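Below is one structure, written out as structure tokens, with a few remarks after it.
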Amino acid sequence: MVHHKEGTSKINVRDLNLFYGDKQALYGVSLDIHEKQVTALIGPSGCGKSTFLRTLNRMNDLIDGVKITGDIIIDQENIYNTNDVIKLRTKVGMVFQKPNLFPMSIYDNVAYGPRGQGVRNKRELDKIVEESLRGAAIWDEVKDRLKTSALGLSGGQQQRVCIARAIAMKPDVILMDEPTSALDPISTLKVEELITNMKKDYTIVIVTHNMQQAARISDRTAFFLNGEVVEYDNTDEIFSTPQDQRTEDYVTGRFG
């Protein structure tokens, strides 16, 4: 196992609590997420992993009755003190569980965000589209059909175009919510390889149900249970020498 030198913190979460109405979903979460590493969030269903992920780009703001206390600092800036949520979501991109491409061409899907930011020059858009698709390891598969509907691609290809669409916004951080759970094993492997290659350029936070996936691709792993972080450490420590009995029970498959 590779022991990574301690990275620099990119995201500092301090005593984060989240309520949906009266129901508390996150309890006192504190984590430092390191730059240009893959951080995996694991734990049973309904334990707060996806809710936590969505606090990092304020996606929970879209749900009525959500109340959040605590701090999330990205690059020394408290993201809940800013009104510029669009800028935040540009910096912190997101890839969802199911590919959610627009019913338009592959090219237009990737160019959509940059166009929305005012990029109109065709040569510049062409360059962004090509670089983003290359960055998502799918350029060679789609370069001759950029003008065809993105919905004609396979699920695994669509998910990589979703990743290209996130890259096109030039984010620093990319959040992924179970990005391979709808994919077959071969497509899953392609996306995992892609994530491993992407961490030299991006800080990646991934929610996964698949512990083997967390073990394969992440540098650090946080184990969530009932809205709390039970344990957070280098991935190899979490899987080989967990400090908490509940973590050990989970990673050895005794529950969950």
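Please verify whether segment 85-92 includes one or more residues that are out of contact with any Ser or Thr (no Cβ under 8 Å at 6 or more places or on another chain), modelled with pLDDT under 95, in a strand (DSSP E or B) and hydroxyl-bearing (Ser, Thr, Tyr). No, because not a single residue in segment 85-92 is out of contact with any Ser or Thr (no Cβ under 8 Å at 6 or more places or on another chain), modelled with pLDDT under 95, in a strand (DSSP E or B) and hydroxyl-bearing (Ser, Thr, Tyr). Checking each residue in segment 226-242 for being in a loop (DSSP other than H, G, I, E, B) and either without any contact (Cβ under 8 Å) to a residue 12 or more places away in the chain or surrounded by 17 or more Cβ atoms within 10 Å (Cβ to Cβ) (or both) picks out Gly227, Thr241, Pro242. Any residue that is touching a residue at least 60 places away in the same chain (Cβ under 8 Å) and acidic (Asp, Glu) - is there at least one of those in segment 203-225? Within segment 203-225, one or more residues are touching a residue at least 60 places away in the same chain (Cβ under 8 Å) and acidic (Asp, Glu). Could you look through segment 196-212, keep only residues that are among the polar types (S, T, N, Q) and part of a loop (DSSP other than H, G, I, E, B), and pick out the one that is surrounded by the fewest Cβ atoms within 10 Å (Cβ to Cβ)? Taking the candidates together, the pick is Asn210. Thr8 meets all of the listed conditions (1) touching a strand residue (DSSP E or B) at 6+ places or on another chain (Cβ under 9 Å); (2) over 24 Å from Lys200 (Cα atoms); (3) surrounded by fewer than 20 Cβ atoms within 10 Å (Cβ to Cβ); (4) touching a residue at least 24 places away in the same chain (Cβ under 8 Å) but one, namely (2). Checking the stated criteria, Lys36 turns out to be within 16 Å of Ile174 (Cα to Cα), of a type outside the set (A, V, I, L, M), touching a residue at least 40 places away in the same chain (Cβ under 8 Å) and not in a strand (DSSP E or B).
Can you list the helices (runs of 4 or more DSSP H) found entirely within segment 94-194 that contain at least 3 residues being acidic (Asp, Glu)?
122-135
One residue stands out in segment 205-249 among those that are in contact with a helix residue (DSSP H, G or I) (Cβ under 6 Å, 6 or more places away or on another chain) and of a type in the set (Gly, Ala, Ser): the one that is nearest to Gln37 (Cα to Cα), namely Ser218.
The values are calculated or read from the model by the stated rules, or taken from the named source; none is laboratory data. Because the structure is a prediction, the values reported are computed rather than measured. Neighbour counts are summed over all protein chains in view; Cβ atoms, including those assigned to glycine, are modelled from backbone coordinates with ideal geometry.
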